[in-house]
Amino acid sequence: MLNLITLLRSGRMLLLLLLLNSLGAFTHAAAASLLAPAAAPAASAASDAPPPVKVIAVPNIAAAAETVDALLRDIVAGLAPTAKVTTIGRELAAFGRDFDATEKETRLALGAIYSQEQLGGLDTRWLSLLARLGDWEKTLTSRAVLLEGNLTQLDALQQTWQATRGAARDSGAPEAVQERANAVLSEIKRVQGLVNAARDQILTLQAQASRFETRASEQRAQIKRATEAALEGLLLRDSVPIWSAGSSGGVQIERWQDVSSPLRANGDAIVQYLQSSQLRGIFLVLLAALFLVGLWRVRTQVRRRTEADPELAGSAWVFEHPGAITLLLMTIVSPWVLVYAPRQFNLLLLTLALPPTILILRRLIHRNLVAFLYALLLLHVMDQMREMFGAAVLWERLVLELQLAGTLLFLFWFLRPQRLARMPASVTGDADFKWSLHVARAAMLVFAAALAAEVLGYSQLGHFLNAGVLGALYSGVILYAALRAFVSLSTLALHTWPLRSLAMVRHYQPLLERRLHRAAHWLILGWWIWITLDAFAVRKPIFDSVLAILASKSAIGALHISLGDVLAFGGTIWAAFLLSRLVRFVLEEDVFPRIALARGIPYALSMVLHYVLLLTGFILAIVATGVDLDRFTILISAFGVGAGFGLQGLVNNFMSGLVLLFERPIKVGDAIETAQRSGEIKSIGIRASILRTWDGAEVVVPNASLISNEVVNWTLSDRQRRIEIPLGVAYGNDPEQVIALLVGVATAHPEVLDAPAPDAFFEGFGADGLNFRLRCWTGQYDRSSPIRSALCVAISKALAGAAIEMPFPQRDLHLRSMDGGMLKQLRSALHEEPPVPAPTPLPPSPPAAGASGAAG
């Protein structure tokens with residue numbers, strides 16, 4: 001910390017001195033321009049010359065010397081080689097030995113008949129070496145740039161102090177000042193020598209690394225040409241038929257005895273790779289340890305969960321073999337962590353992965369299928385032992401042919417229809433089992449072709465087919481075991497905390513399981529196809545052909561577009577829709593319910609986010625097609641003009657939809673009533689909204705009509721609704737009793753709100769009885785009709801229980817005068833003979849017939 005403060009102080013002093021010198025130089029130049037104006041053209045002509053060397057004034061030499069001494073000490077302290085540079089210098093010797101060994105093996109491989117896998121393994125080793133060289137070159141380059149900057153700084157200081165020493169000598173400065181300047185120059189030269197030595201060392205290491213990189217690139221180019229030539233010559237006979245191969249047995253016996261050499265080379269390659277990838281290896285081991293500990297800790301919880309829910313027993317098996325699951329996971333993850341690993345190292349990982357794979361699949365498949373797993377493990381061991389003999393050995397050919405013949409016999413026995421018929425229908429009907437049978441039958445055909453090619457002398461073709469089908473089988477079995485483990489883990493994860501605490505998991509757990517398992521199946525299938533195509537060396541040609549087809553452009557006027565552009569556009573739009581659906585699903589299920597928001601705001605936010613994601617996806621889709629954005633801007637402008645004239649209604653409805661979302665006069669779930677219809681709003685879209693009427697019909701209503709026309713919203717601020725029930729009782733009943741009875745009936749109903757409280761009113765005297773009105777509120781607007789019906793039934797029962805009669809219209813007909821014959825006809829029609837009433841005295845008015853009514 002003290003050194004840092006000293007350096008800052010010295011830096012400020014140096015900056016002050018430079019500023020004073022610059023000011024002195026400016027003053028001197030101004031005076032010279034005043035005294036010699038004729039020299040201005042010459043000075044202008046010399047403006048392209050290098051800037052003059054700055055001279056430190058004599059009074060400032062001592063302070064500047066201290067600053068320079070501190071700077072030089074810092075430079076010298078920084079010359080100590082860093083740990084990375086020291087490691088590079090130490091490891092370059094061992095790297096050179098490894099490099100020479102790999103180069104020698106590559107020359108032998110190029111001069112012999114090597115399989116595609118061995119050439120690919122050598123190419124991977126060269127990639128690993130190049131990766132190490134790349135890391136070293138980055139470190140060395142940054143170090144060289146730093147030293148070069150130090151040299152530039154020292155050169156500038158040397159020029160400054162040389163000029164300062166000359167100026168001090170010319171001005172007759174004291175001898176001590178001149179000696180101080182000489183001492184600074186001597187120290188600068190000494191530090192320059194140290195920096196030059198350090199830079200030369202770094203440049204030497206850089207040159208060595210560069211030479212290694214050039215040689216490695218040349219070796220990779222030769223391997224690539226050899227691989228292409230081998231692929232082109234697969235159908236050419238490269239050795240004699242097996243019955244004529246005994247003539248060259250002496251050389252083959254000699255190579256038979258040299259088995260230990262490739263073993264040592266392979267072991268050295270693995271050890272050197274692990275030494276150079278220590279950090280990656282440590283990370284992989286820590287990841288495995290964490291996963292193993294997690295499985296152990298969760299196993300007890302899963303056992304309790306399985307006892308409570310027996311349906312999970314089929315998925316809990318994964319926690320009974322935590323070591324096997326961990327080893328299988330590390331085998332699958334290692335290619336991404338341990339990049340450019342030697343082929344022998346990958347084969348070692350494959351050997352370690354097969355036993356846990358068998359242990360896992362034994363619990364999941366029928367016992368009649370377990371023999372295939374053990375046969376696959378035995379086949380892998382035999383194949384690795386065979387490769388140790390070298391590809392040109394007669395005994396290796398014989399071993400390969402015996403291996404192929406044995407594999408064919410086993411597959412013929414394993415795939416017998418009589419044997420498969422003894423398996424239960426639950427196994428034979430499974431889709432995975434059917435696909436496995438197809439793969440096994442195809443493998444048997446390829447093994448037969450490999451055996452025929454090997455016997456007839458097409459050794460390269462036989463090795464190629466054998467290695468390709470074995471790689472496909474190994475990867476298929478391991479990936480299938482990983483798939484079953486992932487399916488079980490995901491199922492248990494959806495049944496346990498913390499995923500179980502999510503609302504979307506509780507509500508849609510079966511759907512999420514199906515989607516997740518389907519995605520895992522497709523991912524594993526695609527991964528296996530990728531590996532299989534690569535094993536048969538057809539992935540690159542197929543992908544190159546597909547990319548060429550996708551990249552071929554077609555001209556439509558001035559627009560050049562390709563099939564790849566169309567697929568990129570459609571895929572981006574589809575991905576934007578999927579992302580929008582996923583984000584909205586998560587928000588609506590687990591985010592919005594946990595946040596206190598006003599009604600309608602979650603839907604508005606969800607729709608706005610939906611529009612933003614779709615717009616972003618559309619822009620990215622345009623960019624993905626490679627269309628010039630300037631043309632796209634012109635297109636948008638033209639679209640805007642067209643929208644202003646020809647699409648006024650669409651734009652009006654779109655803007656009205658935005659108003660509905662942000663202003664929220666109408667929200668999803670509101671009960672509205674327009675001039676034509678009434679119902680509930682189900683959705684608010686870009687152009688129109690969906691109104692579901694009370695009859696069950698769904699009506700598409702343009703957004704503009706909901707904004708411009710009058711709309712009755714029953715649930716804008718709340719979801720309460722008032723219920724009114726008018727009724728009358730007969731004359732002679734107590735009005736206060738009736739009011740109390742009505743209020744009591746309304747209060748007793750559970751769906752009637754206490755606030756506002758129910759109330760009843762005596763509205764007046766009617767023609768037939770006393771008129772009353774009951775008013776009450778409910779918080780469920782959609783239940784108003786059933787609640788009204790229930791209240792009416794309860795009121796009828798309450799009135800009957802209180803002996804309160806409901807009024808009904810009554811009329812008395814008084815006959816003032818009637819013809820006798822008509823009176824007889826009326827009596828005969830009524831089938832009765834009532835007594836003739838006494839004649840009513842007539843009023844003094846003239847005789848007339850009339851009727852008057854009185855309420856009864």
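The values are calculated or read from the model by the stated rules, or taken from the named source; none is laboratory data. Computed from a predicted model, the values in this text were never measured in an experiment. Cβ sites come from the backbone with ideal geometry, for glycine too, and all protein chains shown count toward neighbours. Note: areas computed on protein heavy atoms with side chains; ligands, DNA, RNA excluded. Shrake-Rupley method; radii C 1.70, N 1.55, O 1.52, S 1.80 Å.
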Taking N as the residue count of segment 362-490, its alpha carbon Rg divided by 2.2 N^0.38 Å gives 1.15
In Å³ per residue, the alpha-carbon convex hull of segment 647-789 encloses 134
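How do 345-354, 431-440, 607-616 rank on mean C-beta neighbours within 10 Å, highest first?
Details: 345-354: 18.0, 431-440: 13.3, 607-616: 15.2.
Descending packing order for the listed peptides: 345-354, 607-616, 431-440.
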Per residue, the convex hull enclosing the alpha carbons of segment 686-765 has a volume in Å³ of 167
Expected field for V446, accessible surface area in Å² at 1.4 Å probe radius, rounded to 10, holds 40
Listed by chain and number, the lysines with an alpha carbon less than 22 angstrom from that of K667, same-chain partners under 8 positions apart left out, are K682
Using the Cα gyration tensor of segment 579-627, the equivalent ellipsoid's semi-axes, largest first and to the nearest Å, work out to 28, 10, 5
When all Cα-Cα pair distances of segment 277-434 are considered, the percent exceeding 18 Å is 71
From the Cα centre of segment 660-724 to that of segment 278-297, the distance in Å is 58
Cross-link reach from K540 to lysines, straight Cα distance under 24 Å and at least 8 residues apart if same chain, gives K224, K553
One computes Rg over Rh for segment 278-343 from alpha-carbon atoms, with the Kirkwood Rh, and obtains 1.13
With T = 4 °C, eta = 1.567 mPa s and Kirkwood Rh from C-alpha pairs, the Stokes-Einstein D of segment 506-545 in µm²/s is about 109
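Looking at segment 446-500, what % of the alpha carbon pairs are farther apart than 13 Å?
So the pairs more than 13 Å apart make up 67 percent of the total in segment 446-500.
Ignoring ligands, DNA and RNA, how do W527, W395 rank by accessible area with a 1.4 Å probe, largest first? Mind showing how you got there, number by number?
Numbers: W527 70, W395 110 Å².
From most exposed to least exposed: W395, W527.
Determine, for each peptide in 195-208, 721-734, the mean count of other beta carbons within 10 angstrom over its residues, then list the peptides with the highest first.
Ranking the peptides 195-208, 721-734 by packing returns 195-208, 721-734.
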Per-residue accessible area, 1.4 Å probe, largest first, puts H507, H463 in the order H507, H463
For segment 326-483, the per residue accessible area (1.4 Å probe, Å²) is 43
Over segment 642-706, the quotient of the Cα radius of gyration and 2.2 N^0.38 Å is 1.13
Whole-Å distance linking the alpha carbon centroid of segment 57-77 with that of segment 443-487 is 73
Taking the square root of 5λ for each eigenvalue of the C-alpha gyration tensor of segment 197-243, the equivalent ellipsoid has semi-axes, largest first and in whole angstrom, of 44, 10, 4
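Which value, in nm² and rounded to one decimal, describes the direction-averaged projected area of the C-alpha convex hull of segment 312-378?
For segment 312-378, averaging the hull's shadow over all directions gives 5.3 nm².
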Residue-normalised value, i.e. accessible area per residue, for segment 127-200 at 1.4 Å probe, in Å², stands at 49
Non-local residues with an amide H under 5 Å from the amide H of S678, with H modelled 1.01 Å from N and Pro and chain starts lacking one, are W694
Once T152, T227 are ranked on solvent-accessible area with the largest value leading and a 1.4 Å probe, the list reads T152, T227
Mean projected area (nm²) from the convex hull of Cα positions in segment 93-208 is 9.4
In Å³ per residue, the alpha-carbon convex hull of segment 449-568 encloses 161
For K138, the aspartates and glutamates lying under 20 Å Cα to Cα, once residues fewer than eight places off in the same chain are dropped, come out as E91, E148, D200, E213
Here the averaged projected area of segment 524-606, based on the convex hull of its alpha-carbon atoms and given in nm², is 9.4
The alpha-carbon center of segment 491-562 and that of segment 186-223 are separated, in whole Å, by 46
